[in-house]
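Participant: A single structure is presented below for examination.
The values are calculated or read from the model by the stated rules, or taken from the named source; none is laboratory data. All values derive from a computational prediction rather than experimental measurement. Methodologically, a virtual Cβ is constructed for each residue, glycine included, from the backbone with ideal geometry; neighbour enumeration extends over all protein chains shown.
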Amino acid sequence: MDKKHYDAVVVGSGPAGSTAVKELTERGLEVLLLEAGRDLTEADFEPLPPADPKEMSIGLYDRVKAGLMGQHVQARRAMFQPQKSKFLVNDLRNPYTTEGGDFLWIRGRQLGGRFHAYGRVLLRSSDHEFKAASHDGHGADWPISYKDLAPYYDHVEEYMGVYGTTDNLSNLPDGRYVGPSLFTEAEKQFKGTVENQWPERHVVPWRYQAPNLARVPVGIVAAKKTGRLTIRTDAVAHKVTMNSKTRRADGVLFIDRLTKKQQHVSADVVVLCASTIESVRIMLNSATDGHPDGLGNSSGLLGSYFMDQTPSLLFGGDPSNPGHEVVNPAPEDPYYPAVGGVYIPRFDNLKKDGKQETNFARGWAVQGTIGRMPVPKGAPGVVGLMGFGEMLPYRSNRITIDRRRKDAWGIPAPRIRLEITDNERNLMRAQVAGLKEMALASGYSINFAGSALGLDSKKIWPNVDPVSRAIFRLGFKKSLAMGAAIHECGGARMGNDPTTSVLNEFNQSWDVPNLFVTDASSYVSNGAVGPTLTIMALTARACDYIAKEHAAGTL
């Protein structure tokens with residue numbers, strides 16, 4: 001047992017956790033950070049050869065190699081990059097089970113979490129997401145609006161160093177940028193073609209984080225400077241512990257990853273930032289006599305309304321723009337390739353009257369790159385376009401605990417149920433059709449297009465050997481199953497009513513007032529926007545509240 005009592009213990013060191021420790025320590029709290037994985041060294045970032053565009057999508061050798069190293073699930077990810085494999089978990093030691101369909105759970109355990117494996121795209125959500133239910137009647141609204149989160153978006157963008165452009169779109173609010181993001185010449189042509197034929201589809205440059213050459217998340221670097229942060233890596237959180245007299249959380253029980261010894265740390269406040277599924281798993285495993293169905297689960301909704309975005313993918317070539325182009329105003333990173341590309345925010349069902357114009361609710365967005373990936377001289381530029389659609393929240397989709405399956409530390413594993421309906425099937429069909437029509441209008445050749453429903457065409461990879469083509473075909477649905485978007489959310493939803501939600505508007509447990517959950521498990525609905533920036537803004541807002549309440553003695 002760590003005998004020191006902390007003001008707050010934060011579980012998880014990714015986007016949410018690194019933000020939490022920065023905001024809390026800078027407001028004067030003594031904070032302990034628990035990270036299930038290892039610390040990192042400079043040796044983890046020794047440069048690798050550039051990725052072969054074909055290998056990113058097919059990647060037979062590297063995928064098999066990763067599978068033999070215990071990453072048989074992580075190796076299925078759609079866009080496979082070997083340099084990111086070391087930042088993803090060993091699936092044999094970290095099992096999970098599913099029901100109602102396949103779910104691809106891509107996750108990382110090390111200081112910084114999935115910060116080391118994400119695409120660095122940081123986008124704001126708008127009231128098209130936060131108030132979607134008021135617009136179309138599906139699901140529930142968030143207990144907050146864009147104006148509540150806007151100042152925290154500003155704050156996070158400023159210290160993260162985000163590159164972007166001012167585009168004046170109501171469904172993709174502009175941010176605070178350290179510099180512009182740029183198109184390749186091929187991307188400029190794509191923008192012209194798409195916006196000319198489909199004026200409602202606005203093609204804008206990525207909004208993305210500058211390279212972090214410190215490797216440790218910038219929030220953790222800032223927290224260290226305060227002298228009020230203690231970091232404990234190799235600490236696999238098992239459960240939040242409760243004081244039976246005060247009926248409040250009093251700390252966290254964790255297991256040392258290496259020795260497998262159990263340890264307990266105590267704190268005034270517990271902040272769960274372990275990622276969507278893991279935070280819900282911890283709360284479910286924290287059941288006590290006072291909380292028999294999981295900690296903070298008086299509503300019976302803990303684990304329910306789990307979602308991910310519907311994935312679709314098109315890969316092709318641009319014969320009119322051979323080769324590749326480097327346009328990167330941000331500093332170069334010797335380990336990761338330069339980022340940037342095109343983004344098309346959701347364009348369907350946006351009218352104020354809420355009238356649904358398609359055979360699916362909500363809509364989808366596109367993130368991609370054109371002419372950026374290195375190719376042999378004279379070869380067509382590489383085109384990669386991925387669609388992300390908004391799945392509706394269904395109570396039946398849920399995270400539970402599989403008592404018969406345990407991880408390497410003896411902790412019951414999560415069981416994930418995520419079933420799609422005709423709404424999502426129609427949405428994915430529209431995504432694939434939309435990607436193809438934009439590609440063909442731009443003069444691109446198509447190597448393949450598909451979604452979680454499968455490949456769209458029998459003719460794929462015309463210049464690839466038959467064996468690779470056959471294996472790609474067999475593995476495609478596994479590679480682009482639900483979960484492939486890596487934007488999972490929900491399970492500990494926020495709300496205004498403790499009978500219909502798990503957390504209040506400040507990410508605070510209704511049942512346990514000194515327990516906060518600030519990662520994407522708090523999401524009420526999903527949207528088609530990547531969640532990372534919103535997770536960080538929610539965390540900053542919650543920590544602002546925590547610091548004030550702690551100073552007032554209410555926590």
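Participant: Take GLY219 and decide whether it is of a type outside the set (S, T, N, Q), within 21 Å of LEU24 (Cα to Cα) and surrounded by 20 or more Cβ atoms within 10 Å (Cβ to Cβ). Even if it seems obvious, please write down each step before you answer.
Facilitator: On the way: of a type outside the set (S, T, N, Q): yes; within 21 Å of LEU24 (Cα to Cα): yes; surrounded by 20 or more Cβ atoms within 10 Å (Cβ to Cβ): yes.
So GLY219 fits the description; yes.
Participant: Got a number for residues in the stretch 319-373 being more than 22 Å from GLY389 (Cβ to Cβ) and of a type in the set (Gly, Ala, Ser)?
Facilitator: 6
Participant: Hey, another quick one. Taking the stretch 444-474, which residues are small (Gly, Ala, Ser), in a loop (DSSP other than H, G, I, E, B) and in contact (Cβ under 8 Å) with a residue 24 or more places away in the chain? Walk me through how you get there before you give the answer.
Facilitator: Going residue by residue through the stretch 444-474, those that are small (Gly, Ala, Ser) are 445, 449-452, 454, 457, 468, 470.
Still in the running and in a loop (DSSP other than H, G, I, E, B): 452, 457.
Passing the criteria: only ALA452.
Participant: Quick check on the stretch 25-47: of everything there that is over 25 Å from the mean Cα position of the chain (by Cα) and aliphatic (A, V, I, L, M), which residue is modelled with the highest pLDDT?
Facilitator: The selected residue is LEU29.
Participant: A follow-up question, please. Can you go through SER126, SER145, SER170, SER181 and tell me which one is of a type outside the set (D, E, K, R) and out of contact with any Phe, Trp or Tyr (no Cβ under 6 Å at 6 or more places or on another chain)?
Facilitator: On the way: SER126 fails: out of contact with any Phe, Trp or Tyr (no Cβ under 6 Å at 6 or more places or on another chain); SER145 fails: out of contact with any Phe, Trp or Tyr (no Cβ under 6 Å at 6 or more places or on another chain); SER181 fails: out of contact with any Phe, Trp or Tyr (no Cβ under 6 Å at 6 or more places or on another chain).
The unique qualifying residue is SER170.
Participant: Then there is this: Can you tell me which residue within the stretch 289-315, out of those that are farther than 23 Å from ASP519 by Cα, surrounded by fewer than 24 Cβ atoms within 10 Å (Cβ to Cβ) and not acidic (Asp, Glu), is modelled with the lowest pLDDT?
Facilitator: The first filter runs over the stretch 289-315 and keeps only residues farther than 23 Å from ASP519 by Cα, leaving 289-290, 292, 312-315.
Pick out the ones that are also surrounded by fewer than 24 Cβ atoms within 10 Å (Cβ to Cβ) and you get 289-290, 292.
Still in the list and also not acidic (Asp, Glu): 290, 292.
Details: GLY290: 88, PRO292: 93.
In this case the residue turns out to be GLY290.
Participant: Grab the strands (runs of 3 or more DSSP E) fully contained in the stretch 251-353, keeping just those with 2 or more residues being out of contact with any Phe, Trp or Tyr (no Cβ under 7 Å at 6 or more places or on another chain) and of a type outside the set (S, T, N, Q).
Facilitator: Values: elements: 262-272, 310-322, 342-344.
In the stretch 251-353, 262-272, 310-322 are the strands (runs of 3 or more DSSP E) which contain 2 or more residues that are out of contact with any Phe, Trp or Tyr (no Cβ under 7 Å at 6 or more places or on another chain) and of a type outside the set (S, T, N, Q).
Participant: Quickly run through the stretch 80-93 and pick out the residues that are surrounded by fewer than 18 Cβ atoms within 10 Å (Cβ to Cβ) and at pLDDT below 85. Walk me through it before giving the result.
Facilitator: Going through the stretch 80-93, the residues surrounded by fewer than 18 Cβ atoms within 10 Å (Cβ to Cβ) turn out to be 81-82, 86, 90, 92-93.
GLN81, PRO82, listed by residue number.
Participant: Within the stretch 343-365, count every residue that is under 16 Å from LEU122 (Cβ atoms) and touching a Lys or Arg at 6+ places or on another chain (Cβ under 7 Å).
Facilitator: 1
Participant: Could you tell me whether TYR444 is over 26 Å from GLN189 (Cα atoms) and either under 19 Å from the mean Cα position of the chain (by Cα) or of a type in the set (Ser, Thr, Tyr) (or both)?
Facilitator: Values: over 26 Å from GLN189 (Cα atoms): no; either under 19 Å from the mean Cα position of the chain (by Cα) or of a type in the set (Ser, Thr, Tyr) (or both): yes.
Answer is no for this residue.
Participant: Keeping to the stretch 314-334, report how many residues are within 26 Å of the chain's Cα centre (by Cα) and more than 19 Å from ARG120 (Cβ to Cβ).
Facilitator: Quick first cut of the stretch 314-334, residues within 26 Å of the chain's Cα centre (by Cα) only: 314-316, 327-334.
Those still in the list that are more than 19 Å from ARG120 (Cβ to Cβ) too: 314-316.
Number satisfying all stated conditions: 3.
Participant: Taking the stretch 247-272, which residues are out of contact with any Leu (no Cβ under 9 Å at 6 or more places or on another chain) and touching a residue at least 24 places away in the same chain (Cβ under 8 Å)? If you could, list the steps in order and put the result at the bottom.
Facilitator: From the stretch 247-272, those out of contact with any Leu (no Cβ under 9 Å at 6 or more places or on another chain) are 247, 250-251, 253, 255-261, 266; that's our starting set.
Correct list: ARG247, GLY251, ILE255, ARG257, LEU258, LYS260, SER266.
Participant: Hey, can you tell me all the residues within the stretch 233-247 that are surrounded by 18 or more Cβ atoms within 10 Å (Cβ to Cβ) and basic (Lys, Arg)?
Facilitator: Of everything in the stretch 233-247, just one residue is surrounded by 18 or more Cβ atoms within 10 Å (Cβ to Cβ) and basic (Lys, Arg), namely LYS239.
Participant: Run down ASN463, ASN447, ASN504 and say which single residue is of a type in the set (S, T, N, Q) and in contact with a Ser or Thr (Cβ under 9 Å, 6 or more places away or on another chain). Give the steps one after another, and end with the answer.
Facilitator: Numbers: ASN463 fails: in contact with a Ser or Thr (Cβ under 9 Å, 6 or more places away or on another chain); ASN504 fails: in contact with a Ser or Thr (Cβ under 9 Å, 6 or more places away or on another chain).
Only one candidate qualifies: ASN447.
Participant: Can you tell me which of THR193, THR241, THR246, THR230 is hydroxyl-bearing (Ser, Thr, Tyr) and part of a helix (DSSP H, G or I)? Can you show your working first?
Facilitator: Numbers: THR241 fails: part of a helix (DSSP H, G or I); THR246 fails: part of a helix (DSSP H, G or I); THR230 fails: part of a helix (DSSP H, G or I).
After ruling out the rest, the residue left standing is THR193.
Participant: Cβ-Cβ distance below 6 Å, separation of 6 or more or different chains: which pairs start in the stretch 183-204 with a residue that is within 10 Å of SER442 (Cα to Cα) and in contact (Cβ under 8 Å) with a residue 40 or more places away in the chain and end on one that is assigned to a loop (DSSP other than H, G, I, E, B) and of a type in the set (Gly, Ala, Ser)?
Facilitator: Once the first residue is within 10 Å of SER442 (Cα to Cα) and in contact (Cβ under 8 Å) with a residue 40 or more places away in the chain and sits in the stretch 183-204, its partners that are assigned to a loop (DSSP other than H, G, I, E, B) and of a type in the set (Gly, Ala, Ser) give ALA186/GLY371; PHE190/SER442; THR193/SER442.
Participant: Scanning the stretch 1-24 for residues that are small (Gly, Ala, Ser) and under 22 Å from the mean Cα position of the chain (by Cα), which turns out surrounded by the most Cβ atoms within 10 Å (Cβ to Cβ)? Write out each step before concluding.
Facilitator: So in the stretch 1-24, the residues small (Gly, Ala, Ser) come out as 8, 12-14, 16-18, 20.
Narrowing the set further to residues that are under 22 Å from the mean Cα position of the chain (by Cα) leaves 12-14, 16-18, 20.
Numbers: GLY12: 26, SER13: 30, GLY14: 29, ALA16: 33, GLY17: 30, SER18: 29, ALA20: 31.
Among residues in the stretch 1-24 that are small (Gly, Ala, Ser) and under 22 Å from the mean Cα position of the chain (by Cα), the one surrounded by the most Cβ atoms within 10 Å (Cβ to Cβ) is ALA16.
Participant: Give me the pairs, please: first residue somewhere in the stretch 151-164 and surrounded by fewer than 22 Cβ atoms within 10 Å (Cβ to Cβ), second residue anywhere and charged (D, E, K, R) and at pLDDT 95 or above, beta-carbon distance under 7 Å, and either six or more positions apart or on two chains.
Facilitator: Note: pairs meeting the criteria are ASP154/ARG176; GLU158/ARG176.
Participant: Return yes when PHE130 is crowded, with 23+ Cβ neighbours inside 10 Å and out of contact with any strand residue (DSSP E or B) (no Cβ under 6 Å at 6 or more places or on another chain) and no when it is not.
Facilitator: Answer is no for this residue.
Participant: It is to be established whether one or more residues within the stretch 502-519 are in contact with a Cys (Cβ under 9 Å, 6 or more places away or on another chain), closer than 26 Å to ILE344 by Cα, surrounded by 24 or more Cβ atoms within 10 Å (Cβ to Cβ) and of a type in the set (A, V, I, L, M).
Facilitator: no
Participant: Considering only the stretch 364-376, state which residues are assigned to a loop (DSSP other than H, G, I, E, B) and surrounded by 23 or more Cβ atoms within 10 Å (Cβ to Cβ). Lay out the reasoning, then the answer.
Facilitator: Let us first name the residues in the stretch 364-376 that are assigned to a loop (DSSP other than H, G, I, E, B), namely 371-376.
Hits for the stretch 364-376 are GLY371, ARG372.
Participant: Right, another one. May I ask you to list pairs of residues, at least six apart or on different chains, whose Cβ atoms are under 6 Å apart, with the first in the stretch 501-519 being under 11 Å from ALA249 (Cβ atoms) and the second being hydroxyl-bearing (Ser, Thr, Tyr) and crowded, with 21+ Cβ neighbours inside 10 Å?
Facilitator: Every condition considered, the pairs that remain are LEU515/SER509.
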